[in-house]
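To start, the structure under review is shown below, and the notes come after it.
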Amino acid sequence: MAGGNSFGDRSETGRRNIEGQADLDAGFAAGKALYEERMKLLPGLWMPPAPPWNELPVEVRARWQRTAAQAKTHG
């Protein structure tokens, strides 16, 4: 697996240093909360730890934000 990490990501989707990170994360607050809530469940499921929120690609953070928004409208 050349250029990937333990999660099977290609190197270009790995950790990114983004200017204005705080501004970007502010737009994903609900997604981050949901991600961190679910992250806490992994050890009880005998799963490896998930990467920290700030290491996720922007596309993945946006997907968590959409999931959180959908959960609010359906719950």
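Computed from the coordinates by the stated procedures, all read-outs in this text should not be read as laboratory data. The structure displayed is predicted, hence computed values, not measured ones. Neighbour counts run over all protein chains shown; Cβ positions are idealised from the backbone, glycine included.
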| Neighbour-count order for 53, 46, fewest beta carbons within 10 angstrom listed first | 46, 53
| Taking the Cα centre of the stretch 18-74 as origin and charging only Cβ (+1 Lys, Arg; -1 Asp, Glu), how large is the dipole, in debye to the nearest 20? | 320 debye
| query | To the nearest 0.05, what FRET efficiency results for residue 26 and residue 46 with a Förster distance of 35 Å applied to their C-beta separation? | reply | 0.55
